[in-house]
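The values are calculated or read from the model by the stated rules, or taken from the named source; none is laboratory data. It should be emphasised that the depicted structure is a prediction, and the values quoted were computed from it without experimental measurement. Cβ atoms come from the backbone with ideal geometry, glycine included; neighbour counts cover every protein chain shown.
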Amino acid sequence: MNLVVLTAAMSSLNSGLYSTGRILRSMAMAGSAPRFTSVMSRSQVPYGGILLTSGICVLGVGLNFVVPAEAFEIVLNFAAIGILATWGMIMICHLLFWQKTQKGELTRPGYRLPGSPWTEIVTLAFLVSVLVLMYADGGAGRTTVLCLPLIVGALVAGWFGIRGRVARKSTTGADA
């Protein structure tokens, strides 16, 4: 049974590494990821992105070495923060879209979110409540939530670092 579980885990890791490498290559071609992640081998394997992803995986191994009892919970909480942020941004974007349709700047499509804008507001409140509960849980949950300003700062700094390159690539389509 252990062999089956280990084989499944390794297969999942392998597909995750490869697909993340492909995504990073596409992002690098658009100017949104480091240039080295666009590097391909002769057999068209995106090894630049795979190396970056492997490096992140090694950080997980290091985390497991430093705090083995909390490593899984830390990784789980950071994944939860990513999911909460993604859904939060979707709701905020839809709320802004709804506001523009109310002003007549945009036309609403035939299919509409039921209960809009209240649906977005309730969803955002729910997502914030999950963050509050993560913080109230203490331990790794609190530490993860307290890392949010660092994560947001890194994302903002990263955006300001690449926005010129992204703008050049989107207008010219050429390498910047």
### Message
Quick check on Leu63: is it surrounded by 15 or more Cβ atoms within 10 Å (Cβ to Cβ), at pLDDT 90 or above and closer than 30 Å to Arg142 by Cβ?
### Response
yes
### Task
Residues that are within 21 Å of Met27 (Cβ to Cβ) and outside the structural domain of Ile56 (by TED's automatic domain parsing): find the helices (runs of 4 or more DSSP H) completely inside region 66-176 holding 2 or more of those.
71-102, 148-172
### Query
Conditions: (1) out of contact with any helix residue (DSSP H, G or I) (no Cβ under 8 Å at 6 or more places or on another chain); (2) of a type in the set (D, E, K, R); (3) at pLDDT below 90. Arg108 meets all but one. Number of the miss?
(1)
### Task
Please list, ordered by first then second residue, the pairs with beta carbon atoms under 6 Å, 6 or more apart or interchain, first in region 110-121 and within 13 Å of Met91 (Cα to Cα), second of a type outside the set (Phe, Trp, Tyr) and part of a loop (DSSP other than H, G, I, E, B).
Thr119/Leu113
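This table checks each residue for (1) of a type in the set (Phe, Trp, Tyr); (2) in contact with a helix residue (DSSP H, G or I) (Cβ under 7 Å, 6 or more places away or on another chain); (3) in contact (Cβ under 8 Å) with a residue 24 or more places away in the chain; (4) not in a loop (DSSP other than H, G, I, E, B).
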residue: Val4; (1), (2), (3), (4): no, no, no, yes
residue: Leu13; (1), (2), (3), (4): no, no, yes, yes
residue: Val45; (1), (2), (3), (4): no, no, yes, no
residue: Leu59; (1), (2), (3), (4): no, no, no, yes
residue: Asn64; (1), (2), (3), (4): no, yes, no, yes
### Query
Would it be correct to say that Ala28 is surrounded by 15 or more Cβ atoms within 10 Å (Cβ to Cβ), outside the structural domain of Ser129 (by TED's automatic domain parsing) and outside any helix (DSSP H, G or I)?
no
